[in-house]
Amino acid sequence: MVVGVCDISLLIHDSQSLKDKRQVIKSLQEKVRNRFNVSVAEVGSNDVWQRAELGVAAVGNDRAFINSVIDKVINFIENLHVAEIIDHRIEIINC
C-alpha cells in the first residue's frame, strides 16, 4: 500500500471575510474530490481570511501513480485561479 500526502498553502486574494474564504475553500475541496477521488480537508490557518492550508491524501498500490495524482491535484488547483499556491509539500509513504 502506498499513501501520498500533500500539504498545500494557499493565498486567497479576493477574500474579505471568513465567509468569502469558506466559499472558496468549500468549492475547491468539492471540485478536487469529485475530479480525483482523493481526501481533502482544511488543516490550518482556519481563522485567517486570506490564507488556507489544505491537506490532500491519496491511497493506492503504485508509488508513481499516487505521485502523479497529487501532482495533477496541484496543477488543477493552480489552473482554477481562485487561490494562489504559495507552498506545497508532498510525502509518499510505502506501508
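Rule-based calculations on the coordinates, nothing more; no lab input. Everything numeric in this text was worked out from a predicted model, so none of it was measured. Note: ideal-geometry Cβ built from the backbone for every residue, glycine included; neighbour counts use all protein chains shown.
Across the stretch 2-94, the volume of the C-alpha convex hull divided among the residues equals 74 Å³ per residue. For the stretch 44-92, the calculated P(r), taken from all Cα-Cα distances in 10 Å bins from zero up to the bin holding the longest distance, is 21, 49, 25, 5 percent. Rounded to the nearest 20 debye, the dipole magnitude of the chain is 280 debye, with +1 charges on Lys and Arg beta carbons, -1 on Asp and Glu beta carbons, and the Cα centre as origin.
Placing pseudo-labels 7 Å out from each Cα toward the beta carbon at N46 and S17 gives an inter-label distance of 2.0 nm.
Peptide packing: for 2-9, 31-38, 87-94, the average count of neighbouring Cβ atoms within 10 Å per residue gives the ranking 2-9, 31-38, 87-94, highest mean first.
Entry note, the stretch 2-94: relative contact order of 48 percent, from Cα contacts under 8 Å with a spacing of 6+ residues. Once the Cα atoms are used to define both axes, helix 18-36 deviates from the longest principal axis of the chain by about 20 degrees. Ranking V56, V69, C95 by Cα position along the charge dipole of the stretch 40-95, where only Lys, Arg, Asp and Glu carry charges on their C-beta atoms, puts C95 farthest toward the positive end. Taking packing as the residue-averaged number of other Cβ atoms within 10 angstrom, the listed peptides 64-76, 14-26 run from highest to lowest as 64-76, 14-26. May I ask for the angle, rounded to the nearest 10°, between helix 63-80 and the longest principal axis of the chain, with both axes built from Cα atoms and the value confined to 0 to 90°? Its long axis makes an angle of about 20 degrees. Note on the chain: helix-only mean residue ellipticity at 222 nm, from DSSP H runs of 4+ residues weighted -39500 (n - 2.57) and normalised by residue number, equals -13000 deg cm²/dmol.
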